[in-house]
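K.L.:
Here's a structure for you.
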Amino acid sequence: MAGKVYFGVSMSLDGFIAPDSPEDLMGKQWMELQRWVFPLRFFRENLKLGKGGEEGRDNDIARETFERTGASIMGKRMFDAGERMWPEEAPFHTQVFVVTHEKRDPWERPGGTTFHFINDGIEPALDQARQAAGDRDVRIAGGAETILQYLNAGLIDEFSIALSPVLFGTGIRLFEGIDASRIALTQTHAESSPKVTHLTYTVQDR
């Protein structure tokens, strides 16, 4: 049976998931948004940052998210930012499909990550990601514009938000431009830790 299509992001209390400029991705606000992730044992293991790290429910959720994912999809903006920041062994360890107008040969990285550049839209990218994922899930990794395209096309089954206690004020909103007239949500899970609140929703047609 084919897996689900989902996304999972960290979001500020005022609805932003990234700063306006890619150059600010390692800035103070973004670091505060992601501070629940960086100390985790799984995060350190996955990026080969050394032994140790925090365990507990946040760590379990990060590991479960990774383990359920058989392939990922992202937009060109996220890829461009990540290409500058990811280590040589990129943290996906799956096939990654980049929705772009750029024509480029697949880019294979150590550790099992290969980036494929898809020029004919979000649905062909999803078809290829499903095939690569097998019976595991496809994650729409980001950014917000790519997530929104999949949501508005009715192609997302569920999503999770790690709601962080930080305010951005400006930046890139997760749901900017959402077609709310056709999307209904059901909350299926809510779980808090000292650093973040994890919220999970299934998506239905309204």
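K.L.:
Go through segment 1-53 residue by residue and tally those that are open to solvent by less than 60 Å² (accessible area, probe 1.4 Å), within 20 Å of K76 (Cα to Cα) and touching a helix residue (DSSP H, G or I) at 6+ places or on another chain (Cβ under 9 Å).
P.N.:
Qualifying residue count, segment 1-53: 13.
K.L.:
Here are some conditions: (1) among the aliphatic types (A, V, I, L, M); (2) open to solvent by 30 Å² or more (accessible area, probe 1.4 Å); (3) touching a Ser or Thr at 6+ places or on another chain (Cβ under 8 Å). A180 meets all but one. Which one does it not meet?
P.N.:
The single condition A180 does not satisfy is (3).
K.L.:
Specify the residue that is farthest from G8 (Cα to Cα); the eligible residues are those in segment 175-190 that are assigned to a strand (DSSP E or B) and in contact with a Leu (Cβ under 8 Å, 6 or more places away or on another chain).
P.N.:
Going through the qualifying residues, I end up with I183.
K.L.:
Scanning segment 193-206 for residues that are modelled with pLDDT of 95 or more and assigned to a strand (DSSP E or B), which turns out surrounded by the fewest Cβ atoms within 10 Å (Cβ to Cβ)?
P.N.:
Q204
K.L.:
Looking only at segment 160-206, how many residues end up being β-branched (V, I, T) and more than 18 Å from the chain's Cα centre (by Cα)?
P.N.:
First, the residues of segment 160-206 that are β-branched (V, I, T): 161, 166, 170, 172, 178, 183, 186, 188, 196-197, 200, 202-203.
Of the ones still in play, those that are also more than 18 Å from the chain's Cα centre (by Cα) are 166, 170, 183, 186, 188.
Residues meeting the conditions: 5.
K.L.:
Kindly provide the set of residues from segment 71-85 that are touching a residue at least 12 places away in the same chain (Cβ under 8 Å) and of a type outside the set (D, E, K, R), ordered by number.
P.N.:
A71, S72, I73, M74, G75, M78, F79, A81, M85
K.L.:
Could you tell me which residue of segment 60-89 is most open to solvent (accessible area, probe 1.4 Å), considering only residues that are within 21 Å of I17 (Cα to Cα) and aliphatic (A, V, I, L, M)?
P.N.:
Of everything passing the filter in segment 60-89, M85 is most open to solvent (accessible area, probe 1.4 Å).
K.L.:
Please tell me if F97 is farther than 23 Å from R68 by Cβ and assigned to a strand (DSSP E or B).
P.N.:
No.
K.L.:
Pick out, from segment 107-168, the strands (runs of 3 or more DSSP E) lying fully within it that include 2 or more residues that are open to solvent by less than 40 Å² (accessible area, probe 1.4 Å), modelled with pLDDT of 95 or more and aliphatic (A, V, I, L, M).
P.N.:
Once the strands (runs of 3 or more DSSP E) in segment 107-168 are filtered for at least 2 residues that are open to solvent by less than 40 Å² (accessible area, probe 1.4 Å), modelled with pLDDT of 95 or more and aliphatic (A, V, I, L, M), what remains is 137-142, 158-164.
The values are calculated or read from the model by the stated rules, or taken from the named source; none is laboratory data. In this text the structure is predicted, and so the values were computed from the model without any measurement. When we count neighbours, we look across all protein chains shown, and the Cβ atoms used for this are built from the backbone with ideal geometry, even at glycine. The accessibility values were calculated without ligands, DNA or RNA, using every heavy atom of the protein model including side chains. Shrake-Rupley method; radii C 1.70, N 1.55, O 1.52, S 1.80 Å.
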